[in-house]
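Comments concern the structure below.
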Amino acid sequence: MGTDDPGVGRPAGAVPVTPPVTVTVRAGSTVDTYVFHRRTTVVVGRAADCGIRVDDGQRRVSRRHCQLDIDPPNVRVRDLGSRHGTHLNGRPVDGERHLSAGDEVRIGPATLRVTLPDDGTREAAAGPEDTGATPAGTTPTTPDTGTPGPDRGRALPVLVSAAADGAPGLDDFTDHRVLREIGRGGHSVVYLARHEPSGRLVALKTLLADRAVDPAARDAFRREIACTRGLRHRNVVALHSGGAADDAFFFTSEYCPGGSVAEFVARRGGRLTADEAVPITLDALDALAYAHRAELAVVLADGRTEIAHGLVHRDVTPQNLLLATGPDGEVITKVADFGLAKAFEKAGLSGHTGTGAIGGSIAFQARAQLIDYKYARPEVDLWAVTACLYWMLTGATPRDFPVGVDPVAVVLRTRPVPVRQRLGTVPPRLAGVIDQMLVDQPRVTATTATELADALRQAR
């Protein structure tokens with residue numbers, strides 16, 4: 001059994017960029033083989049929407065039993081709170097486990113055998129990883145796991161040294177003077193900087209790769225910056241420039257002195273009124289409506305240019321909604337980090353698996369996004385911005401995440417709590433729109449950012 005999905009196989013005759021990972025599934029007399037050439041996340045279980053479906057007929061395999069996070073040539077497995085457990089080489093999987101060539105994963109009566117290329121490029125350590133970068137003015141959302149990570153602060157001196165040595169592609173970097181640090185994330189540090197030629201204040205984000213950087217990956221990151229610079233909208237944080245040297249990367253963007261919506265809510269005591277929260281949401285929806293239909297010129301690896309239609313953010317959270325001041329003194333909400341954190345990971349620079357990439361913001365992600373992260377459609381952004389509205393109004397996320405329970409399993413197996421069960425004073429019509437939009441089983445309610453904005457305005 002195979003597929004031509006870009007993340008789960010490759011048509012005959014194509015040359016893979018990285019050595020593939022093969023997963024052989026044996027259930028009784030049935031043997032299926034899956035070949036993965038690119039980074040992806042696959043849910044294994046007996047539900048029809050699982051990427052690898054295993055149905056033993058006796059329900060010893062849960063509907064969504066476990067998840068494989070594949071970043072060739074690396075693979076991790078995590079149990080999703082299955083009834084009978086996931087076992088790696090005979091031992092129960094607790095949390096997330098790194099797989100080695102020849103490892104055997106058992107779920108019920110079925111066996112998954114992983115074949116990995118023995119090319120010396122696999123990661124040496126396995127363990128929980130933190131999330132991607134944090135935009136200017138925000139605070140990290142990932143709990144401290146105690147796992148050592150890359151020295152994020154080292155990126156700036158690497159860039160400074162490379163620029164002093166005349167490294168190509170850093171002319172924009174040398175035009176900036178760093179003033180102070182204003183935020184940190186999993187692989188990043190964000191600084192307030194001044195663009196000396198113009199005197200403009202900007203947010204300068206530096207990122208440090210945790211593995212050797214292939215020149216092609218560095219070029220892919222630069223191409224993504226060039227693409228994302230094409231986004232120009234009142235409610236989108238503008239990207240100015242970017243570049244890389246060795247294992248250090250940077251980009252500069254519009255500075256939003258009001259900080260994040262997460263910080264604003266904290267200053268207001270943990271909740272906002274509907275009159276405060278809905279306008280923030282409408283600004284974010286204006287940005288998403290624009291991005292979802294934007295036409296962007298994408299430079300391919302061979303130098304050719306093609307037009308891409310629409311951009312899905314996939315990480316809309318209160319930390320990625322920033323506050324700025326308009327020309328008339330009004331407060332404007334802007335959506336930050338379109339594409340850049342994803343570009344860092346797509347280029348293979350963060351070392352993240354699918355779960356690592358989404359862990360910090362999982363409370364604001366729809367079920368469909370976990371099942372098919374790479375090919376998430378615009379409606380997952382609409383679910384996320386509605387979850388942000390829910391959180392602003394109630395101080396709670398749509399789903400409960402009990403301590404000790406795998407958050408991925410929570411999203412896959414539970415439904416959002418109706419918003420008026422959290423806070424009975426939420427206006428009924430507004431609550432109706434929120435609850436309808438947060439339905440994500442079997443799928444997110446099909447709509448557009450403009451339609452959702454209209455529904456919220458009518459509900460007010």
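The rows are residues; the columns are (1) in the same structural domain as Asp219 (by the TED database); (2) more than 22 Å from the chain's Cα centre (by Cα); (3) assigned to a helix (DSSP H, G or I).
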site	(1), (2), (3)
Ala266	yes, yes, yes
Gly269	yes, yes, no
Ala277	yes, yes, yes
Ile280	yes, no, yes
Leu285	yes, no, yes
Leu288	yes, no, yes
Leu296	yes, no, no
Ala308	yes, no, no
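Condition first: open to solvent by 50 Å² or more (accessible area, probe 1.4 Å) and in contact with a Lys or Arg (Cβ under 9 Å, 6 or more places away or on another chain). Now tell me which residues in the range 449-460 satisfy that. If you could, list the steps in order and put the result at the bottom.
As a first pass, look at the range 449-460 and keep what is open to solvent by 50 Å² or more (accessible area, probe 1.4 Å): 450-451, 454, 457-458, 460.
Scanning the range 449-460 gives Gln458, Arg460.
Looking at this structure, is Arg113 over 16 Å from Ala409 (Cα atoms), open to solvent by 10 Å² or more (accessible area, probe 1.4 Å), in a loop (DSSP other than H, G, I, E, B) and charged (D, E, K, R)? Here the answer is no, as Arg113 does not meet what is asked.
Per-residue answers, yes or no, for (1) outside any loop (DSSP other than H, G, I, E, B); (2) among the charged types (D, E, K, R); (3) assigned by the TED database to the domain that holds Pro407:
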| position | (1), (2), (3) |
| --- | --- |
| Arg38 | no, yes, no |
| Gly57 | no, no, no |
| Val61 | no, no, no |
| Leu68 | yes, no, no |
| Val75 | yes, no, no |
| His84 | no, no, no |
| Ala101 | no, no, no |
| Arg106 | yes, yes, no |
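Consider the range 317-368 and keep the residues that are touching a Ser or Thr at 6+ places or on another chain (Cβ under 6 Å) and in a loop (DSSP other than H, G, I, E, B). The one that is modelled with the lowest pLDDT is Gly339.
Considering the range 144-212, the qualifying strands (runs of 3 or more DSSP E), each wholly inside and each with 2 or more residues that are in contact with a Pro (Cβ under 8 Å, 6 or more places away or on another chain), open to solvent by less than 70 Å² (accessible area, probe 1.4 Å) and modelled with pLDDT of 85 or more, run over 200-208.
Residues in the range 420-435 that are under 13 Å from Arg399 (Cα atoms) and among the charged types (D, E, K, R): how many? Quick ask: steps written out before the conclusion?
Here is the first cut: in the range 420-435, the residues under 13 Å from Arg399 (Cα atoms) are 421-422, 435.
Next cut, among the charged types (D, E, K, R) only: 422, 435.
The qualifying residues number 2.
Tell me, which residue of the range 86-95 that is outside any loop (DSSP other than H, G, I, E, B) and open to solvent by less than 30 Å² (accessible area, probe 1.4 Å) is nearest to Arg60 (Cα to Cα)? Don't jump to the end; show me each part of the working.
Going residue by residue through the range 86-95, those that are outside any loop (DSSP other than H, G, I, E, B) are 86-88, 91-92.
From what's left, open to solvent by less than 30 Å² (accessible area, probe 1.4 Å): 86, 88.
Values: Thr86: 11, Leu88: 16 Å.
By that ranking, first place goes to Thr86.
Just one of the listed residues (Arg415, Arg422, Arg399) is under 20 Å from the mean Cα position of the chain (by Cα) and either crowded, with 17+ Cβ neighbours inside 10 Å or within 19 Å of Leu370 (Cα to Cα) (or both), and it is Arg399.
Suppose the filter is in the same structural domain as Gly183 (by the TED database), at pLDDT 90 or above and surrounded by fewer than 19 Cβ atoms within 10 Å (Cβ to Cβ); does Thr273 pass it?
On the way: in the same structural domain as Gly183 (by the TED database): yes; at pLDDT 90 or above: yes; surrounded by fewer than 19 Cβ atoms within 10 Å (Cβ to Cβ): yes.
Answer is yes for this residue.
Contact map, the range 35-58: residues that are over 17 Å from Leu80 (Cα atoms) paired with residues that are outside any loop (DSSP other than H, G, I, E, B) and hydroxyl-bearing (Ser, Thr, Tyr), Cβ distance under 8 Å, separation 6+ or inter-chain. Pairs shown: Val35/Thr22; Phe36/Thr22. When Arg232, Arg304, Arg314 are checked against the criterion of being over 20 Å from the mean Cα position of the chain (by Cα) and closer than 28 Å to Asp454 by Cα, a single residue qualifies: Arg232. Considering the conditions (1) of a type outside the set (S, T, N, Q); (2) in contact with a Leu (Cβ under 8 Å, 6 or more places away or on another chain); (3) more than 21 Å from Val160 (Cα to Cα); (4) at pLDDT 75 or above, His233 is excluded by exactly one of them, (2).
Each residue in the range 43-79 was checked for being under 19 Å from the mean Cα position of the chain (by Cα) and either open to solvent by less than 10 Å² (accessible area, probe 1.4 Å) or more than 23 Å from Pro109 (Cβ to Cβ) (or both), and 11 pass. Screening the range 425-444 for residues that are open to solvent by less than 50 Å² (accessible area, probe 1.4 Å) and aliphatic (A, V, I, L, M) and picking the one that is modelled with the lowest pLDDT gives Val444. Residues that are within 27 Å of Arg268 (Cα to Cα), within 15 Å of the chain's Cα centre (by Cα) and among the polar types (S, T, N, Q) within the range 363-396 comprise just one, Gln365.
Only residues that are of a type in the set (Val, Ile, Thr) and touching a strand residue (DSSP E or B) at 6+ places or on another chain (Cβ under 7 Å): list them for the range 152-179, please. First the steps, then the outcome.
First, the residues of the range 152-179 that are of a type in the set (Val, Ile, Thr): 158, 160, 174, 178.
Hits for the range 152-179 are Val158, Val178.
For the range 96-109, the criterion of being within 26 Å of Asp440 (Cβ to Cβ) and open to solvent by 10 Å² or more (accessible area, probe 1.4 Å) is met by at least one residue.
The values are calculated or read from the model by the stated rules, or taken from the named source; none is laboratory data. Here the structure is a predicted model, which is why all the values come from computation and not from measurement. We place every Cβ from the backbone using ideal geometry, glycine too, and count neighbours over all the protein chains shown. The area values use the complete protein model at the heavy-atom level, side chains included, leaving out ligands, DNA and RNA. Shrake-Rupley method; radii C 1.70, N 1.55, O 1.52, S 1.80 Å.
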